[in-house]
Amino acid sequence: MRWKRGSRLKLVNEAEAPAPVQRIFDEVRRALGSPVVPKLYQAYAAFPAFLELHWDAFRPVMESRQFVLLGARLAAETYTRAHNYFAVRPMVARDAQRRAPGSLPVSQVLDYYQYLDPLLLLIAAAQMRALEAPIGQGPAKLDAAQHPDFPIAPRLLGDAEAPAKVHRIWEERAQMLSLAFVSDEHRALAAWPSFYEEYWSLLKELLQSPLYADCQSRIVESAWSLVRELPARIEIDIAQLLDAGMNDEELSSLVSTNEAFVQALSGLVLDVTFARIAFEGGTRSEPRRSHKAPAAGTRRKKASSPTRAA
């Protein structure tokens with residue numbers, strides 16, 4: 001599902017969140033090792049009753065090493081799939097080598113999102129499944145999470161400071177993909193305008209091919225499979241949400257928002273992986289004449305993944 005044309009995504013800003021939501025935001029940042037609250041949770045916070053139930057159920061999982069390892073598996077699969085099936089040319093933009101004082105270099109921005117986005121996709125996918133039936137399993141012991149430390153968030157290019165060519169890219173991408181907002185990932189990469197413009201010119205061609213859609217679909221399928229391995233039983237059904245005070249309209253909006261995040265995050269996982277491969281020299285292969293998707297079960301030699309397991 002994509003964002004409905006003309007619809008606006010409601011997000012709760014960290015600075016404006018009420019105290020109970022602020023508490024959960026703080027715990028989300030600690031659980032993920034993130035210096036900021038991801039958009040997914042800013043959207044969940046628009047439904048406070050839901051957020052409370054969600055966090056009570058998901059907190060033990062997200063604080064576990066098993067959860068971080070599931071995210072690393074999804075990231076590694078995405079990297080291998082993209083490297084094997086996408087013909088990615090190397091980036092030549094020189095501004096990607098520059099780093100503003102107090103900001104992260106491109107390589108660390110990519111590290112951050114390659115770590116974080118697969119975890120967010122698993123959360124959104126698990127939440128969708130949990131509304132239908134209990135998911136996950138209960139091991140004898142939950143190991144404490146060991147994840148990278150990201151004390152500094154990537155610099156996000158704001159609307160006011162973005163040059164015209166970047167705004168054109170954002171508008172083009174929004175129209176192509178029916179998006180309701182500019183993602184943090186694309187705002188972060190746009191901090192290097194020449195790099196971002198070259199990156200978009202390479203990615204745009206692929207976005208219009210069946211190959212990209214097939215890879216994105218397979219990433220979602222992998223997420224559905226992995227959430228069955230979550231290291232705790234999670235159950236958040238419609239009856240619980242109604243008992244917590246949500247009405248039918250809020251429930252419908254929540255379901256639509258969550259479905260849209262699954263779609264958006266699966267695409268962002270691929271986008272960031274594509275940027276990583278291009279930044280590190282591409283696949284050094286000629287583009288395929290046909291964009292026919294690989295048949296199920298087809299295997300090629302695995303590429304090494306930069307994703308580190310916890």
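The values are calculated or read from the model by the stated rules, or taken from the named source; none is laboratory data. Everything numeric here is computed off the predicted structure, so don't read it as measured data. Backbone-built Cβ (ideal geometry, glycine too); neighbour counts: all protein chains shown. Remember, those area values only see protein heavy atoms, side chains included, never the ligands or the DNA or RNA. Shrake-Rupley method; radii C 1.70, N 1.55, O 1.52, S 1.80 Å.
Some observations on this one:
- Centre separation in Å (Cα based) which lies between the stretch 66-121 and the stretch 37-55: 26 Å
- Dipole size of the stretch 149-189 about its Cα centre, with +1 on Lys/Arg Cβ and -1 on Asp/Glu Cβ: approximately 160 debye, rounded to the nearest 20.
- Accessible surface, per residue, of the stretch 3-63 when the full set of protein chains is kept, probe 1.4 Å, Å²: 47 Å²
- In order along the stretch 231-248, phi translates into HN-Hα couplings of x, 6, 7, 10, 9, 9, 9, 4, 4, 4, 5, 5, 5, 7, x, 6, 9, 4 Hz, rounded to whole numbers, per the Karplus curve 6.51 cos²θ - 1.76 cosθ + 1.60 with θ = phi - 60° and x for Gly and Pro.
- Estimated dipole of the chain in Debye, rounded to 20 [Cβ of Lys and Arg +1, of Asp and Glu -1, Cα centre]: 1480 debye
- Seen from every direction in turn and averaged, the convex hull around the alpha carbons of the chain projects onto 16.4 nm².
- Accessible heavy-atom area order of 217, 178, 266, highest first, probe of 1.4 Å: 217, 178, 266
- Solvent-accessible ranking of 276, 187, largest area first, probe 1.4 Å: 187, 276
- Under Karplus coefficients 6.51, -1.76 and 1.60, residue-wise ³J(HN,Hα) of the stretch 64-74 in Hz, glycine/proline x: 9, 5, 4, 5, 4, 5, 5, x, 5, 5, 5
- Think of the chain as having a plus end and a minus end, set by charges on the Cβ of Lys, Arg, Asp and Glu; of 208, 46, 90, 90 sits farthest toward the positive end of this dipole.
- Carbon plus sulfur fraction of accessible area for the chain, probe 1.4 Å, in percent: 48 percent
- Counting lysine pairs in the chain whose alpha carbons fall under 23 angstrom apart, excluding pairs fewer than 8 residues apart on the same chain, gives 7.
- For the chain: relative contact order, % (alpha-carbon pairs under 8 angstrom, 6 or more apart): 37 percent
- Phi angles across the stretch 213-221 convert, under the Karplus curve 6.51 cos²θ - 1.76 cosθ + 1.60 with θ = phi - 60°, into 3J(HN,Hα) values of 4, 5, 5, 4, 4, 5, 5, 4, 4 Hz, Gly and Pro given as x.
- Evaluated over the Cα positions of the stretch 1-109, the convex hull gives a direction-averaged projected area, one quarter of its surface, of 10.7 nm².
- Of the peptides 31-39, 159-167, 87-95, 221-229, the ranking by mean beta-carbon count within 10 Å, highest at the top, reads 31-39, 221-229, 87-95, 159-167.
- Entry note, the chain: the mean residue ellipticity at 222 nm calculated from DSSP H runs of n ≥ 4, each adding -39500 (n - 2.57), is -18500 deg cm²/dmol after division by the residues and rounding to the nearest 500.
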